[in-house]
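Written below as C-alpha cells is the structure these notes are about.
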Amino acid sequence: MNTPLVTQEATQLSDQTLRVLGFAGSLRKNSLNRALLRAAQELTPDSMELSIFDLAHIPLYNPDVDQDGVRPPSVELFKQAITGADALLVATPEYNHSMSGVLKNALDWASRPAGRSPLSGKPAAIMGATGGLWGTIRAQDDLRNVLTATGVHVVLRRPELLVAQAAQKFDEQGRLADETTRTLLSQLLVVLRDWTLRLRAGESTTPASAAPAATAR
C-alpha cells in the first residue's frame, strides 16, 4: 500500500489534530459504507482523527418539531457532533440512482435552522460503495448538490472514490482489503486535511488534487 501523502502545506499550516466526523447513509448491519469509514479510521494521515456517527436513531424530519425548538436528542447529538468537528467525511450508498433517504433525512435536520446550521462553512469529502458497477457516482452527484446547498465546502472530484463491486473489496471481517481502494482513500483523506487547513487559513482557492479521478473497480 502506498503511504498517504504528507504535504509541506499541511505541515506549515498547523500541527494540531483535525477532528473529522464521518457518517454513512446506510442502516445495514454489515454496511460496506460504514466499513469504508472504518477503513478511513485506519488510514487517517498525521494530525487527523476520525470519529463515526451512527444515523440509525435519527427520526424522520418534521418541520413542526423543528420549529417547536425541542428536537429529538439524537438530532441534537448529531448537530453537536458536526459543530465540534473540523471537517466531515460522508459515505453514501446508491439507491435508485440517488443517495439514501437516511442520509438526506439527517442532512435535512442538520441544515436547520436556516442561517444557523452547523453544516455551514464545514469542509467535507464524499465517497461511496455499492455492489453495482457505477460506484455511487449518481448518489455522490446528488449528495454534492445537497451539501453545497447547505453551505458545505466539498472538495473537488480528485481523487473521486467510487467503490464499485464493493463486496469484492472487503474481506470476511469487513476490512478493506483492496490496495487500489486503500490508496485512493488515503489520498482523499490527505486532500480533505489540506483543504480544511487552507479554509482555516482564510484561503478561498479551490482545493488541490492528490491524484487523477479514479474508480475503485
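Among the listed residues P212, P118, P207, identify the single one that is surrounded by 15 or more Cβ atoms within 10 Å (Cβ to Cβ), part of a loop (DSSP other than H, G, I, E, B) and at pLDDT below 95.
P207
Filter region 77-95 down to the residues that are part of a loop (DSSP other than H, G, I, E, B) and in contact with a helix residue (DSSP H, G or I) (Cβ under 9 Å, 6 or more places away or on another chain), then identify the one that is farthest from V190 (Cα to Cα).
Out of the qualifying residues, it is E94.
Quick one: in region 83-97, which of the residues that are surrounded by fewer than 19 Cβ atoms within 10 Å (Cβ to Cβ) and touching a residue at least 24 places away in the same chain (Cβ under 8 Å) is nearest to M48 (Cα to Cα)?
G84
Scan region 138-159 for residues that are in contact (Cβ under 8 Å) with a residue 40 or more places away in the chain and either open to solvent by 60 Å² or more (accessible area, probe 1.4 Å) or over 21 Å from L21 (Cβ atoms) (or both) and jot them down.
Result: R138, H153, L156, R157, R158.
From the list T148, T181, T196, which one is at pLDDT 95 or above, of a type in the set (S, T, N, Q) and in contact with a Lys or Arg (Cβ under 6 Å, 6 or more places away or on another chain)?
When all the criteria are applied, what remains is T181.
Report yes if Q165 is among the polar types (S, T, N, Q) and at positive phi, otherwise no.
So Q165 fits the description; yes.
Is it fair to say R175 is over 17 Å from S31 (Cα atoms) and either open to solvent by 10 Å² or more (accessible area, probe 1.4 Å) or at pLDDT 95 or above (or both)?
no
Which residue is farthest from L143 (Cα to Cα), if the candidates are limited to region 66-79 and must be touching a Pro at 6+ places or on another chain (Cβ under 8 Å) and in contact (Cβ under 8 Å) with a residue 24 or more places away in the chain?
D66
Yes/no matrix, rows are residues, columns are (1) small (G, A, S); (2) at pLDDT 95 or above; (3) crowded, with 18+ Cβ neighbours inside 10 Å; (4) not in a loop (DSSP other than H, G, I, E, B):
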site	(1), (2), (3), (4)
A35	yes, yes, yes, yes
A40	yes, yes, yes, yes
E49	no, yes, no, yes
D64	no, no, no, yes
V75	no, yes, yes, yes
L107	no, yes, yes, yes
P113	no, no, no, no
G131	yes, no, no, no
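The values are calculated or read from the model by the stated rules, or taken from the named source; none is laboratory data. What you see is a predicted model; the values in this text were computed from it and never measured. Glycine also receives a Cβ, built like all others from the backbone with ideal geometry; neighbour counts cover every protein chain displayed. Areas reflect the complete protein model, heavy atoms only, side chains present, ligands, DNA and RNA absent. Shrake-Rupley method; radii C 1.70, N 1.55, O 1.52, S 1.80 Å.
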